Amino acid sequence: MKISILKNVLNESIQHVSKAISSRTTIPILSGIKLDVTYSGVTLTASDTDISIQSFIPAEDEKHTIVQVEQPGSVVLPAKFFVEIIKKLPSQEIQMEVKENFQTFISSGATEIQMVGLDPEEFPVLPNIEGSQTVSLPGDLLKNMIKQTVFSISTHETTPILTGVLWSLNDNDLKFTATDRHRLATRSAHLEGADGISFNNVVIAGKTLNELSKIIPDQNTLVDIVVADNQVLFKIDRVLFYSRILDGIYPDTSRIIPTSHKTELVLDTKKLSESIDRAYLLSKEEKTNIVLLQTMEHGGIEISSSSSELGKVREELDLIDFKGEPLRISFNSKYMLDVLKVVESEQLMIAFMGVMSPIILKPLDDSKSQYIILPYRTAN
């Protein structure tokens, strides 16, 4: 293998695929990045068995030559060193040559590097995913749906299925659901061109979705999603992102979503967020995160928290609207703040069925998302 390649393009591809490298892998070949060179371009691949990422660099685009291929071939290079050294090379053009026993020589300007490569035949073959269940959605929408649900996943490996986000597609409506049994986040979107396609119980690890989100460009790029039996493939420009589907059956969360309520409050999202943030400062010192919310006789609400060492914080907030019965309820302020950080609506509706019933949060100008937090039972 012998090529000349533009540094910035190679570096961008390396940054994409390196997100699949695990520092804890017990399989030596998976600590490397595989390069496959043909006359049409260079393909980089990295995998940690749960996710695999592949990025293709074409030999040329409509403007200029990116890769000059003298001799095709393949090699696996140690990712930790390869990722860092390419960034730091002095020249915009890099020469790479693989010789006997996969000894790899990299030169750029006056810099010359020799790396010990590995046999690419030992690298695992990527899954072959057929494209029968393929849907497309804008990248910014997918990033938003991930952001507005992934914070609610469980961080406890004792229930692996809850460390992921549930995807379901029915009647052209794609829905994400995440819960850790103390809170729930759902976000849905209507997809065009998904007629006749449906799937349920597709659960993708939250950490995988966070890595996927970093690869999706900020501009409105279409992402193609191919769902197979135990794998999902995301196609983003020239990047292929493979993810394993988590084993197990996701619990039925529809039973915990209240269908009616006794109290309904409408508040300014920013003011509520700032108020709970102040109360959270004291509640986290107590290591409980408990904040109390109660309706006032004059129509506002009071938000308060206390610390046995530091003291108390109490403030009143005006309501935009109030319906139903008076209420006094305690909740985990960190869970509430996690929701408020991802709500883009200026106004938020909070509904309660009673003191020990789930707290429902709905952004007023977004009917596609809903959040639930379980309240605390407290002595006061």
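The values are calculated or read from the model by the stated rules, or taken from the named source; none is laboratory data. Here the structure is a predicted model, which means the values were calculated and not measured. In this analysis, Cβ positions are derived from the backbone assuming ideal geometry, glycine residues included, and neighbour counts consider all displayed protein chains. These accessible areas exclude ligands, DNA and RNA; they are computed on the full protein's heavy atoms, side chains included. Shrake-Rupley method; radii C 1.70, N 1.55, O 1.52, S 1.80 Å.
Quick notes
- Considered as a group, the residues in region 1-44 that are of a type in the set (Val, Ile, Thr) and open to solvent by 40 Å² or more (accessible area, probe 1.4 Å) include one that is modelled with the highest pLDDT, and that residue is THR38.
- Filter result for LYS235 (outside any loop (DSSP other than H, G, I, E, B), surrounded by fewer than 15 Cβ atoms within 10 Å (Cβ to Cβ) and of a type in the set (D, E, K, R)): no
- Within region 132-159, the residues that satisfy the criterion of being open to solvent by 70 Å² or more (accessible area, probe 1.4 Å) and within 19 Å of LYS207 (Cβ to Cβ) are LYS147, THR155, HIS156, GLU157, THR158.
- Residue count for region 52-107 satisfying the condition of being among the hydroxyl-bearing types (Ser, Thr, Tyr) and assigned to a loop (DSSP other than H, G, I, E, B): 1.
- In region 250-283, the residues that are open to solvent by 50 Å² or more (accessible area, probe 1.4 Å) and over 29 Å from ASP140 (Cα atoms): ARG255, ILE256, THR259, SER260, HIS261, LYS262, ARG278, LEU281
- Condition check for VAL203: open to solvent by less than 30 Å² (accessible area, probe 1.4 Å) and within 14 Å of the chain's Cα centre (by Cα): yes
- In region 326-347, the residue that is nearest to LEU281 (Cα to Cα) out of those that are open to solvent by less than 20 Å² (accessible area, probe 1.4 Å) and polar (S, T, N, Q) is SER333.
- Scanning region 163-175 for residues that are within 13 Å of LEU191 (Cα to Cα) and either open to solvent by less than 10 Å² (accessible area, probe 1.4 Å) or touching a strand residue (DSSP E or B) at 6+ places or on another chain (Cβ under 7 Å) (or both) gives SER168, LEU169, ASN172, ASP173, LEU174, LYS175.
- Those residues of region 284-303 which are β-branched (Val, Ile, Thr) and either in a loop (DSSP other than H, G, I, E, B) or open to solvent by 70 Å² or more (accessible area, probe 1.4 Å) (or both), in sequence order: THR288
- Hey, LYS323 in contact (Cβ under 8 Å) with a residue 60 or more places away in the chain, open to solvent by 30 Å² or more (accessible area, probe 1.4 Å) and more than 27 Å from THR149 (Cα to Cα) or not: yes
- Verdict on THR49 being touching a residue at least 60 places away in the same chain (Cβ under 8 Å) and exposed (fewer than 14 other Cβ atoms within 10 Å of the Cβ): yes
- Failed condition for SER306, given (1) surrounded by 14 or more Cβ atoms within 10 Å (Cβ to Cβ); (2) modelled with pLDDT of 95 or more; (3) not hydrophobic (A, V, I, L, M, F, W, C): (2)
- The set of residues in region 304-338 that are part of a loop (DSSP other than H, G, I, E, B) and β-branched (Val, Ile, Thr) contains only ILE320.
- Residue in region 360-371 that is free of Cβ contacts under 8 Å to residues at least 40 places away in the same chain, touching an Asp or Glu at 6+ places or on another chain (Cβ under 9 Å) and surrounded by 13 or more Cβ atoms within 10 Å (Cβ to Cβ) present: yes
- When the residues of region 61-82 are filtered to those that are open to solvent by 70 Å² or more (accessible area, probe 1.4 Å) and under 15 Å from SER23 (Cα atoms), the one that is modelled with the lowest pLDDT is LYS80.
- Residue satisfying all of: in region 90-131; modelled with pLDDT under 95 and β-branched (Val, Ile, Thr); least open to solvent (accessible area, probe 1.4 Å) among these: ILE129
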